[in-house]
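**Q** Structure incoming, see below.
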Amino acid sequence: MAGRLRGALAPLALACGALTACNGYGQGSEGPSPCAGPIGGHSTPLANLGPDLDLQVLCGGASRGAIASIDVPGSGSATWTASLAGSPQLTLEQSSFVTCSDDVTVAFVDLQVPPEAKPGDTYDAVATIESNQRAFPTGTVKVHGEVVAPKVTAPSSLDFGEVPASVPTVLPLRVVNKSPAPVVISPEATYASPFGLTLHSRSTDGNTTIWDVKVFQTPPGDYTETVTFTGEPAGKLVDFPPGCVWTQTITLHAHVFADTDGGPDASRDGGTGDDAPSSLTI
């Protein structure tokens, strides 16, 4: 037997991208064999099964991972199958394959969780991969799926320290999404006197956003306010089960002192300046 039972699948999965790009040949397909030579020729397949697959999804989400790849570096071809037994939320993208000479075929498993799924829910199955011609030993791969809460990092506070009353002061607020899928992050309000928030930038992958937090011109005094950020899984769900949404309250503080630049009346302690907006938009 010329089977290699364990190996790294990630490079193969990235190279192929989809089964159709790797000569996957599904059950019920019509037409001639995708291979130029006869099926069952002098094939010497390399079977990479596993490692065991661990999929994480946000509420209402989906995920995909590779469980096996067959490489036929010699002449001929290899026919093989994959089957899956376990949670119905885990499904095979394809179950019957033909791998041609000098080609690689990858088998993928999809996880689609129901709308009511919440963090902590798990799904398990076992995949069996075998060769029709016994070209490599039959092997199994464990598949585990889990619903997780959004993982987002943001500071718990932002302190401006001493700022002049007549000059607006700005500090950046950085929020990072480390979840396995995109999360829509936004503040519940963009103005809490005398502080205002505007979106400054978003990274190309959408996982890092930087907000400008400004202290507007305001009378001298000590100001402390809070702003709450939320992060919802990007998807089609409208109502999320408990634990699916990230929430963090950030404390904003500034001590505004009187200066000599013609700012707000230094005799007033606290309150908002006349030039502070009633609301801001993102």
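The values are calculated or read from the model by the stated rules, or taken from the named source; none is laboratory data. It should be emphasised that the depicted structure is a prediction, and the values quoted were computed from it without experimental measurement. Neighbour counts run over all protein chains shown; Cβ positions are idealised from the backbone, glycine included.
**Q** Which residue pairs have Cβ atoms under 9 Å apart, sit 6 or more places apart or on different chains, and have a first residue in segment 53-77 that is on the phi > 0 side of the Ramachandran plot and a second that is of a type in the set (K, R) and at pLDDT below 95?
**A** Taking only residues 6 or more apart or on different chains, the pairs are G60/K236.
**Q** Of the residues that sit in segment 192-202 and are of a type in the set (S, T, Y) and not in a loop (DSSP other than H, G, I, E, B), which one is surrounded by the most Cβ atoms within 10 Å (Cβ to Cβ)?
**A** T198
**Q** Assess whether A117 counts as being touching a Leu at 6+ places or on another chain (Cβ under 7 Å), outside the structural domain of F240 (by TED's automatic domain parsing) and at pLDDT 95 or above.
**A** Details: touching a Leu at 6+ places or on another chain (Cβ under 7 Å): no; outside the structural domain of F240 (by TED's automatic domain parsing): yes; at pLDDT 95 or above: yes.
Spelling it out, it is not the case that A117 is touching a Leu at 6+ places or on another chain (Cβ under 7 Å), outside the structural domain of F240 (by TED's automatic domain parsing) and at pLDDT 95 or above.
**Q** May I pose another question? Has segment 230-241 got any residue that is surrounded by fewer than 16 Cβ atoms within 10 Å (Cβ to Cβ) and modelled with pLDDT of 95 or more?
**A** Scanning segment 230-241 turns up no residue that is surrounded by fewer than 16 Cβ atoms within 10 Å (Cβ to Cβ) and modelled with pLDDT of 95 or more.
**Q** For segment 172-191, how many residues meet the condition of being more than 14 Å from K151 (Cβ to Cβ), of a type outside the set (K, R) and either assigned to a strand (DSSP E or B) or under 18 Å from the mean Cα position of the chain (by Cα) (or both)?
**A** Taking segment 172-191 and keeping what is more than 14 Å from K151 (Cβ to Cβ), we get 172-174, 184, 186-191.
Keeping just the survivors that are of a type outside the set (K, R) gives 172-173, 184, 186-191.
Pick out the ones that are also either assigned to a strand (DSSP E or B) or under 18 Å from the mean Cα position of the chain (by Cα) (or both) and you get 172-173, 184, 186-187, 191.
Of the residues in that region, 6 qualify.
**Q** Against the conditions (1) surrounded by fewer than 17 Cβ atoms within 10 Å (Cβ to Cβ); (2) at pLDDT below 95; (3) out of contact with any His (no Cβ under 8 Å at 6 or more places or on another chain), where does S77 fall short? Just the number, please.
**A** Only one criterion in (1) surrounded by fewer than 17 Cβ atoms within 10 Å (Cβ to Cβ); (2) at pLDDT below 95; (3) out of contact with any His (no Cβ under 8 Å at 6 or more places or on another chain) is unmet by S77, namely (1).
**Q** If you don't mind, another one. So, in segment 75-108, how many residues would count as being small (G, A, S), over 26 Å from the mean Cα position of the chain (by Cα) and within 18 Å of P137 (Cβ to Cβ)?
**A** Keep residues of segment 75-108 that are small (G, A, S), which gives 75-78, 82-83, 85-87, 95-96, 101, 107.
If we keep only those that are over 26 Å from the mean Cα position of the chain (by Cα) as well, we get 75-78, 82-83, 85, 95-96, 101.
Narrowing further to those that are within 18 Å of P137 (Cβ to Cβ): 78, 82-83.
The qualifying residues number 3.
**Q** Would you say L53 is modelled with pLDDT of 95 or more, in contact with a Gly (Cβ under 6 Å, 6 or more places away or on another chain) and either acidic (D, E) or closer than 18 Å to I129 by Cα (or both)?
**A** On the way: modelled with pLDDT of 95 or more: yes; in contact with a Gly (Cβ under 6 Å, 6 or more places away or on another chain): yes; either acidic (D, E) or closer than 18 Å to I129 by Cα (or both): yes.
Here the answer is yes, as L53 does meet what is asked.
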